[in-house]
Amino acid sequence: MKIAILGAPGCVGRHLIEILLKKSDCHIVASYRSETEIPADLQNDHLIWKQVDLLNQASAGNFLHEAETLIYLIHSLGAKNFEQLDTQLANAAGRAAKSAGVKKIIYLGGIVPPQQKASPHLTSRMKTGEALAAHGIPVAEVRASILLETCSMSYLIVYNLAKRLPVMITPRWLNSLCAPIALGDAVSCLSALVQREIKGHDIFEIGSDVVRYRDLISLCGKSIRGIENLIVAVPAFAIHLSALWIEFVTGVPKSVALALAEGLRTDTVPSKNRFREVTGRDPVPLDTILKLLAEKMKEKTR
């Protein structure tokens, strides 16, 4: 089976490739934009790194040649016009996949709140899935809340806030609910869908324990120092001020912090958690994964 992965050098892509390479029947072609993105420690006889420009029809067609499954992990969050760019790239990938004879697309997006106004970031994730599905190829769209891993931007924000501010004043909207999940679990779900027959545009919402965002920060603090953070929520806390606060404390660029902070104002929990249906097991409990990641972060700083 030949699998093409777009957005392969990122946090999710690296973990996914490692899992897929354990399957002896998988041959992977992984995208990169510049050679500096290629992980030196991720090389294998069944893995080919290939440069691709999705907006160039010939380049996209060459990349997808003979691929049966396309795994789409591209995310343009750091770009100024990320909403338009996400849709443009997804449509280009869908057209190229249709032309190349790709049989299935697997896409990792975000959970969209059904009864609340979604942030531009989450709306873009949803529109990306719709654009991929608009070209007649079956799409398995995995929707997840916060991905927990030391390379995940969302986790690093939570970790740095929890570590540096044992006591903090936060916006009241941090009472919104989320369903964090270990990145390894999300990747296991993506990997399992490679073998699954997909019809139409099928959405798979996944997550682990449901908590408030503020509780996630507190639990992360407990995993770091053994004591939960003390958090005081206040009603008046502008979203741009929140983004500046995140940038100052964590070092995450303001544009990214703003997009992520806007997404925290709504609940991002699965309406139907399909993780066990796809993988045959339960996800790693939140407390367990936070402890494991805290130990990994400690090792990194030694």
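Cα centroids of the stretch 122-179 and the stretch 221-235: how far apart, whole angstrom?
Result: 20 Å between the Cα centres.
Say R0 is 41 Å: what FRET efficiency, to the nearest 0.05, do Lys98 and Ile169 get from their beta-carbon distance?
Result of the calculation: an efficiency of 0.20.
Would you kindly derive the ³J(HN,Hα) couplings of the stretch 5-21 from the backbone phi angles with the Karplus curve 6.51 cos²θ - 1.76 cosθ + 1.60 (θ = phi - 60°), listing them in order in whole Hz, with x for Gly and Pro?
Values per residue, Gly and Pro as x: 10, 9, x, 5, x, x, 4, 5, x, 4, 5, 5, 4, 4, 6, 5, 5 Hz.
Cα-based Rg of the stretch 1-114 per 2.2 N^0.38 Å, rounded to two decimals? The partial results should precede the final answer.
Numbers: Rg = 13.8 Å, N = 114, 2.2 N^0.38 = 13.3 Å.
Working it through for the stretch 1-114, the quotient is 1.04.
Counting helices only, and only those DSSP H runs with n ≥ 4, report the 222 nm mean residue ellipticity of the chain as the sum of -39,500 (n - 2.57) divided by its residues, in deg cm²/dmol to the nearest 500.
Details: 11 runs with 129 residues, N = 302.
Calculated from helices alone, the mean residue ellipticity at 222 nm is -13000 deg cm²/dmol.
Rounded to the nearest 5, what is the percent of antiparallel bridges among the DSSP beta bridges in the chain? Spell out each step's value before the answer.
On the way: 2 of 39 bridges.
In the chain, approximately 5 percent of DSSP beta bridges are antiparallel ones.
Please give the per residue accessible area of the chain, computed with a probe of 1.4 Å over protein heavy atoms only, in Å².
Values: 13770 Å² over 302 residues.
Value for the chain: 46 Å² per residue.
So which aspartates and glutamates pass the test for Lys2, namely a Cα distance under 19 Å, with those fewer than 8 places away in the same chain ruled out?
In chain and number order, the partners are Glu18, Asp25, Asp45, Glu66, Glu68, Glu197.
Length gain on complete extension for the stretch Lys272 to Arg225, per 0.36 nm per residue less the alpha carbon to alpha carbon distance? Display every interim value, and only then the final one.
Values: separation 47, 0.36 × 47 = 16.92 nm, distance 3.40 nm.
Residue separation times 0.36 nm, minus the Cα-Cα distance, leaves 13.5 nm.
Where does helix 183-193 land angle-wise versus the long Cα axis of the chain, in degrees 0 to 90, nearest 10?
It works out to around 30 degrees.
Rounded to the nearest 0.05, what FRET efficiency do Glu299 and Ala79 give with R0 = 45 Å and r taken as the Cβ-Cβ distance? Could you check? Walk me through the numbers on the way to the answer.
Details: r = 33 Å, r/R0 = 0.73.
Once rounded, the FRET efficiency stands at 0.85.
Amide H of Gly109: which non-local residues (sequence gap of 5 or more, or other chain) have their own amide H closer than 5 Å, using H built in the peptide plane?
Here the answer is Val142, Arg143, Ala144, since their amide H atoms fall under 5 Å of that of Gly109.
Computed FRET efficiency, Cβ-Cβ of Lys23 and Val234, R0 41 Å: what is it to the nearest 0.05? Numbers along the way, then the final one.
Details: r = 50 Å, r/R0 = 1.22.
Using R0 = 41 Å, I get an efficiency of 0.25.
Over the stretch 57-159, consider all pairs of different Cα atoms and compute the Kirkwood hydrodynamic radius from their mean reciprocal separation; express it in Å, one decimal.
Details: mean 1/r = 0.0689 Å⁻¹.
Result for the stretch 57-159 stands at 14.5 Å.
Taking the convex hull of the Cα atoms, report for the stretch 121-257 its projected area averaged over all directions, in nm². If you can, show how the numbers build up before the last one.
Details: hull surface 36.8 nm².
Averaged projected area of the stretch 121-257's Cα convex hull equals 9.2 nm².
Scan the stretch 69-161 for trypsin sites (Lys or Arg not before Pro) in coil per DSSP, keeping those whose Cβ has at most 16 other Cβ atoms within 10 Å, and list them by number.
On the way: sites: Lys80, Arg95, Lys98, Lys103, Lys104, Lys117, Arg125, Lys127, Arg143; in loops: Lys80, Lys103, Lys117.
Sparse-neighbourhood loop trypsin sites (Lys or Arg not before Pro): Lys80, Lys103, Lys117.
I'd like the orientation of helix 254-263 relative to the chain: the angle between its Cα long axis and the longest Cα principal axis, in ° from 0 to 90, rounded to 10.
Helix 254-263 sits at roughly 80 degrees to that axis.
With the radius of gyration and the Kirkwood radius both derived from the Cα set of the stretch 242-294, what is their ratio Rg to Rh? Mind dumping the intermediate values first?
On the way: Rg = 15.6 Å, Rh = 13.8 Å.
Reported Rg/Rh, Kirkwood definition of Rh: 1.13.
In the stretch 126-190, carbon and sulfur make up what percent of the accessible area (probe 1.4 Å)?
Carbon and sulfur atoms account for 60 percent of the accessible area of the stretch 126-190.
Counting only the backbone N, which residues of the stretch 126-141 are under 15 Å from the spot 7 Å out from the Cα of Lys199 toward its beta-carbon?
138-140
Expressed in whole Å with the largest first, what are the equivalent ellipsoid semi-axes of the chain derived from the C-alpha gyration tensor as the square root of 5 times each eigenvalue?
Numbers: eigenvalues 212, 84, 69 Å².
Value: 33, 20, 19 Å, ordered largest first.
Note down the nm distance, to one decimal, between modelled labels 7 Å out along Cα→Cβ at Thr279 and at Ile38.
3.1 nm
Find the Cα radius of gyration of the stretch 129-175, compare it with 2.2 N^0.38 Å by division, and give the number to two decimals. Please list the in-between numbers first.
Values: Rg = 17.1 Å, N = 47, 2.2 N^0.38 = 9.5 Å.
Compared with the compact-globule rule of thumb, the stretch 129-175 sits at 1.79.
The values are calculated or read from the model by the stated rules, or taken from the named source; none is laboratory data. Predicted model only: the values in this text are computed from it and were never measured. Don't worry about glycine lacking a Cβ; one is built from the backbone with ideal geometry, like all the others, and counts go over all protein chains shown. Protein only, heavy atoms only, side chains kept; ligands, DNA and RNA dropped before computing areas. Shrake-Rupley method; radii C 1.70, N 1.55, O 1.52, S 1.80 Å.
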